[in-house]
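Reviewing the structure listed below.
The values are calculated or read from the model by the stated rules, or taken from the named source; none is laboratory data. Quick caveat, the model's predicted, so the values are computed rather than measured. Positions of Cβ are generated from backbone atoms using ideal geometry, with glycine treated the same way; all protein chains shown enter the neighbour counts. The accessibility values were calculated without ligands, DNA or RNA, using every heavy atom of the protein model including side chains. Shrake-Rupley method; radii C 1.70, N 1.55, O 1.52, S 1.80 Å.
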Amino acid sequence: MAPSNGPEKGKGAPRHVAIIMDGNGRWAQAQGKPRLFGHHAGAKRVREIVEACPDLGVKYLTIFAFSTENWKRTQTEVAGLMSLFRRYITKEARALRDEGVRVRFIGDRVRLDKKLVKLMDELEALTEENDRVHLTIALNYGGRDEVARATKRLAQDVALGRLDPDSVDEETLPKYLDTCVLPDPDLVIRTSGEARISNFLLWQSAYAEYEFIDTLWPDFTESVFAEIVDGFAGRERRFGAVLA
Ligand code: IPE
Ligand code: IPE
Ligand code: MG
């Protein structure tokens, strides 16, 4: 059961940080390199950021790797990204397990290559006993798509008589979301200077704090991350209430 949010003074570390890892293409193009070069450099940044989490007090890290809209890119870029995901999972699996990282994937797996889905399932199973950091990778993920899929399953439960429509409230839908076992994000970071959320964790981020920074994802380091996490501690989260 996902823990609920309540009004509190903005203190302490964000328990759940979600990151929109943006700017790989521009990072590569600025060096006259193909966009995929930037994606490879971006993937290499992930380990350092995951490993920084325990010391920073971050228990849950969710990263946006591929959106339901990213299929609109060229076939070369999409195929390159899919092969990067396969290689990344294969190469990083052991280190993730040994570092105590529990990995989960969110997003619609139906459109993904079967070989990739198998690797995703295996990595989830390999790390399911871990509890040091919970890393969630959003792959073929879209917030609207997630809500639509959740609604479909909710409607099926109503049709089968398993759910009373009168009992549906705002606690009901999250149980059908891909993130049902995760707390809501406290802090959402987007790199690359764009100030938009691009369909990421729409429902879950209702009361998240946002940080938009100009740094491109391949330049995002542990010290940039630590500075943002430190800054979070000074924010006052009100959740609609008036604090004394
Ligand atoms: C983010 O970097 C990674 C993915 C969306 C897969 P981009 O590829 O969007 O890089 P820019 O925004 O074009 O620079
Ligand atoms: C969001 O970045 C998706 C990921 C980081 C995976 P995009 O680069 O796809 O977003 P837009 O197109 O600039 O909104
Ligand atoms: Mg982008």
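For the stretch 176-203, which residues satisfy the criterion of being of a type in the set (A, V, I, L, M), assigned to a loop (DSSP other than H, G, I, E, B), buried (at least 16 other Cβ atoms within 10 Å of the Cβ) and within 15 Å of ligand 2 (Cβ to nearest atom)?
Ile197, Leu201 - these are the residues of the stretch 176-203 that are of a type in the set (A, V, I, L, M), assigned to a loop (DSSP other than H, G, I, E, B), buried (at least 16 other Cβ atoms within 10 Å of the Cβ) and within 15 Å of ligand 2 (Cβ to nearest atom).
Identify the residue in the stretch 185-227 that is hydroxyl-bearing (Ser, Thr, Tyr) and within 16 Å of ligand 3 (Cβ to nearest atom) and, among all such residues, is nearest to Val147 (Cα to Cα).
Ser198
The conditions are (1) open to solvent by 20 Å² or more (accessible area, probe 1.4 Å); (2) under 17 Å from the mean Cα position of the chain (by Cα); (3) within 16 Å of ligand 3 (Cβ to nearest atom), and Thr74 fails exactly one of them. Which is it?
Just one mismatch for Thr74, condition (2).
To keep it simple, each residue is scored yes or no on (1) among the aliphatic types (A, V, I, L, M); (2) over 24 Å from Phe105 (Cα atoms); (3) within 16 Å of ligand 1 (Cβ to nearest atom).
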| site | (1), (2), (3) |
| --- | --- |
| Gly193 | no, yes, yes |
| Ser198 | no, no, yes |
| Ala206 | yes, no, no |
| Tyr210 | no, no, no |
| Ile213 | yes, yes, yes |
| Leu216 | yes, no, yes |
| Asp230 | no, yes, no |
| Val242 | yes, yes, no |
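What do you reckon, is Leu56 touching a strand residue (DSSP E or B) at 6+ places or on another chain (Cβ under 6 Å) and either more than 14 Å from ligand 1 (Cβ to nearest atom) or over 22 Å from Arg196 (Cα atoms) (or both)?
It is false that Leu56 is touching a strand residue (DSSP E or B) at 6+ places or on another chain (Cβ under 6 Å) and either more than 14 Å from ligand 1 (Cβ to nearest atom) or over 22 Å from Arg196 (Cα atoms) (or both).
Given the residues Asp98, Asp55, which is the only one that is within 20 Å of Val224 (Cα to Cα), more than 17 Å from the chain's Cα centre (by Cα) and without any contact (Cβ under 8 Å) to a residue 24 or more places away in the chain?
Asp55
Residue under question is Leu173, and the condition is that it be under 21 Å from the mean Cα position of the chain (by Cα), within 16 Å of ligand 1 (Cβ to nearest atom) and either open to solvent by less than 80 Å² (accessible area, probe 1.4 Å) or of a type in the set (A, V, I, L, M) (or both); does it hold?
no
Among Arg87, Arg35, Arg109, Arg26, which is the only one that is open to solvent by 20 Å² or more (accessible area, probe 1.4 Å), under 26 Å from Thr191 (Cα atoms) and within 18 Å of the chain's Cα centre (by Cα)?
Just a single option satisfies the conditions, and that option is Arg109.
Failed condition for Gln156, given (1) open to solvent by 60 Å² or more (accessible area, probe 1.4 Å); (2) polar (S, T, N, Q); (3) not in a helix (DSSP H, G or I), with all others met?
For Gln156, the exception is condition (3).
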